[in-house]
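The values are calculated or read from the model by the stated rules, or taken from the named source; none is laboratory data. Values in this document were obtained by computation on a predicted structure and should not be read as measured data. Counting neighbours? That spans all protein chains shown, and the Cβs are built from the backbone with ideal geometry, glycine included. These area figures cover heavy atoms from the full protein model, side chains too; ligands, DNA and RNA do not enter into them. Shrake-Rupley method; radii C 1.70, N 1.55, O 1.52, S 1.80 Å.
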Amino acid sequence: SSSRELLSAPLHLEIKTDDPRRWPARNMDWADQRRPPRSLLAGPATIRVLESGPARVAVEIERRGEGSRFVQLVRLAAGDAGERLEFANRVEWRTRAAHLKAVFPLAAANSRATYSLGLGTLERGNNEERKFEVSCQQWFDLTDAGGAFGVTVLAGSKYGSDKPDNRTLRLTLIRTPGSQGGFPDQATQDLGRHEFVYGLAAHRGDWRQGRTDRHAYRLDQPLMAFQA
């Protein structure tokens, strides 16, 4: 532990308008991206402690917004697994012309972030008109410009993200675009039930010192126990 505050504001989920002018299944529009979120997923919330034992603690948070239902299990384990915070999600998604993002306002600040591409990594800057929704494989990381500490988002099965400013990372979780650009069938993609997990791991130094790859593999390929 570095005994350091990692966040500049609380983590949250936001719903953003997403109605591209052309090719909705694969395009996002810069005009939509620049708009503030359509809504923040706030209260009222039902909160329950589901686990409180020596191996793991877990809190379940249930909320509703824009016709959708969100159940999020925030869990922290003991030992080495406690180096990452996990968010297990069950979502009944009924929201149209929108996408859902997990927002991470961080204490670290850097104009560039590092994205895993599976075979290597790539550094990218903040959002701009021709580069504002970018891909990663397994994780992306913001290390403070001073190099002392940083935070890695463990993306799980999600591959799109953006970086609006020097302190904020956002992971795209679900997307149902509008169909003003034609192809009305594409306006129903992602409607229905979703189950997915993503995580957050802090580190001293950069992502290499934080063993970010190891955390990502542990999240994506958890140890499975069975009786033989």
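Take each of the peptides 144-153, 61-70, average the number of other beta-carbon atoms within 10 Å over its residues, and list them starting from the highest.
Top of the packing list down: 144-153, 61-70.
Work out how much length Ser3 to Asp165 would gain on full extension: take 0.36 nm times their residue separation and subtract the Cα-Cα distance, in nm to one decimal.
55.8 nm
Using only alpha carbons, build the gyration tensor for segment 120-228 and give me the equivalent ellipsoid semi-axes, biggest first, whole Å.
One finds semi-axes of 28, 23, 9 Å for segment 120-228.
Evaluate the distance, in nm, between pseudo-label points positioned 7 Å from the Cα of Ile61 and of Ala225 along their respective Cα→Cβ axes.
Roughly 2.7 nm, to one decimal.
Report the one residue of Ser68, Ala81, Ser135 whose Cα lies farthest in the direction of the positive end of the charge dipole of segment 50-191 (charges on C-beta: Lys and Arg +1, Asp and Glu -1; origin at the Cα centre).
Of the candidates, Ser68 comes out farthest on the positive side.
Full extension from Phe196 to Ala78: what is 0.36 nm times the residue separation minus their Cα-Cα distance, to one decimal in nm?
Fully extending the segment from Phe196 to Ala78 adds 40.3 nm.
How big, in percent, is the set of alpha carbon pairs in segment 35-168 lying more than 20 Å apart?
57 percent
Starting at 0 and stepping by 5 Å, how many percent of the alpha carbon pairs of segment 178-228 end up in each bin?
4, 14, 14, 11, 10, 10, 11, 13, 9, 3, 1, 0
From Cα coordinates alone, what are the radius of gyration and Dmax values for segment 62-135 in angstrom?
For segment 62-135, the Cα radius of gyration and maximum Cα-Cα distance read 16.4, 43 Å.
Using a 1.4 Å probe on the protein chains only, how many percent of the accessible area of the chain belongs to carbon and sulfur?
50 percent
Rolling a 1.4 Å sphere over the protein heavy atoms, what is the accessible area per residue of segment 13-63, to the nearest Å²?
In whole numbers, segment 13-63 has 63 Å² accessible per residue.
If you build the Cα gyration tensor of the chain and take the root of 5 times each eigenvalue, what three semi-axes come out, in whole angstrom, biggest first?
28, 23, 16
Using +1 at the Cβ of each Lys and Arg and -1 at the Cβ of each Asp and Glu in the chain, identify which of Leu219, Leu122, Pro44 lies farthest towards the dipole's positive end.
Comparing the listed Cα positions along the dipole, Pro44 ranks first.
For the chain, what is the charge dipole size about the Cα centre, in debye to the nearest 20, if Lys and Arg each add +1 at the Cβ and Asp and Glu each add -1 at the Cβ?
180 debye
Charges on Cβ only, +1 for Lys and Arg, -1 for Asp and Glu, centred on the Cα centroid of segment 177-220; of Leu191, Gln209, Ser179, which one is farthest towards the dipole's positive end?
Going by the Cα projections, it comes out as Gln209.
Just to verify a number: what accessible area does Trp30 come out at with the full protein assembly present, 1.4 Å probe, Å² rounded to tens?
60 Å²
At what distance in nm do the modelled label points of Arg204 and Thr188 sit from each other, each positioned 7 Å from its Cα along Cα→Cβ?
Distance between the two pseudo-spin positions: 5.5 nm.
Using only the alpha carbons, work out the radius of gyration and Dmax of segment 8-72 in angstrom.
16.6, 52
Averaged per residue, what accessible surface does segment 130-228 expose to a 1.4 Å probe, in Å²?
50 Å²
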